[in-house]
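Presented below is the structure to which this report refers.
Every number here is computed from the coordinates shown, using simple stated rules; none is lab data. Treat the numbers as computed from the prediction; the structure is a model and nothing was measured. Counting neighbours? That spans all protein chains shown, and the Cβs are built from the backbone with ideal geometry, glycine included.
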Amino acid sequence: MNLDCSNIKVLLIGDFMIDHYIIGTSSRMSPEAPVPVVVPQREYSIPGGAGNVAMNLSKMGADVTCVGFVGDDSWGNKMLSMLKNLEINIDNIEIIKNHPTTLKKRIYCDGKQIARIDTEKVIDWNSKLLSENLNNYNICIFSDYNKGAVKNINIKHDTLIIDPKKDDFSFYKNCTIITPNLNELQRATDIQIKDDQSLVVACNELIKENNFSYIIAKKGEKGMTIVGQNDYVKHIPAHFVENPDVTGAGDTVISTLSLVYTKTKDIELSAKIANAAAAVVVGKSGTETVTMTEILKSPFI
């Protein structure tokens, strides 16, 4: 299977953030509260949110241009430096004064995550920097974490793929593919999703209301379901992974799905390979990326 993505140009619009990890161990409980006393052994940072999508797209060979914002702080500088080192175009990432870069700080103790500390400030932001001709791109991806970067998707392009966080899916009207998880689907429809039948009902309602071509519902350990126009339904079973770490798995899914769909226009194949990519990445610890070679050589294909 030839899935060389080096000729694919991607416009990625979304919420860029830093995932910071403190990896430690503990030999005693705190006398002050019923919590372990963690002794850090290692710390590292990696782009999260749309930054993780950009990293995945780049590792799979795509040419990526980013649109979004960071704060004028050390975390924002770190984000831009890491993306630039991968030759990702950061010219349209705005640096906002007196604004904190969104930060998710995770603390691990003896191999388990025991706490997460978030720093964020949601703002009303509209890009003044996007002057690119959209016809220069094969695909537009919106990585919406509801932090303020995704305010207007009324752009004209043949292929728009959205990873949503907003409860009102009319915001994403007319997009090609949208990739909600089950909780996001329930909030968008007020339908209790208790099985595949109710899931398909919810998806069909959203497709009818918002003219989506496809909804790919992410069901975690139960795989995915594709629902499309004209009563198209396909269930993709999950792959078993022992002790999965699901951090950033949705970013890997939308990255892989977008590139394979751009190459093939085959929604079922795209979802199957994205499903395999998710299985590969949840077998890693923390926010991680995958390459197309890793995916295609994995036992999940």
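Structure notes:
- Structure-based [θ]222 nm, the chain - -39500 (n - 2.57) summed over DSSP H runs of at least 4, per residue, nearest 500: -8500 deg cm²/dmol
- If you sort the three axes of the alpha carbon gyration tensor as a ≥ b ≥ c, you get a/c of 1.5 or more for region 1-80 and a/b above b/c, which makes it prolate.
- Positive-end ranking of 58, 159, 127 along the dipole of the chain, with charges on Cβ about the Cα centre, is headed by 58.
- Choice from 238, 62, 33 with maximal GNM fluctuation in the chain (Cα, 10 Å cutoff): 33
- Pairwise centroid distance, computed over Cα atoms, of region 265-295 with region 164-181, Å: 21 Å
- When the listed pairs 59/265; 9/104; 78/219 are checked against a 23 Å cut-off, the alpha-carbon distance exceeds it for 9/104; 78/219.
- Over 28 Å between alpha carbons, listed pairs 84/121; 156/194; 121/263; 151/218: 156/194; 121/263
- Restricting attention to the chain, close to 45% of DSSP beta bridges with both partner residues there are antiparallel.
- Relative contact order for the chain, counting Cα pairs under 8 Å that sit 6 or more residues apart, in percent: 17 percent
- Region 59-111: trypsin sites (Lys or Arg not before Pro) in DSSP coil with no more than 10 other Cβ atoms inside 10 Å: 97
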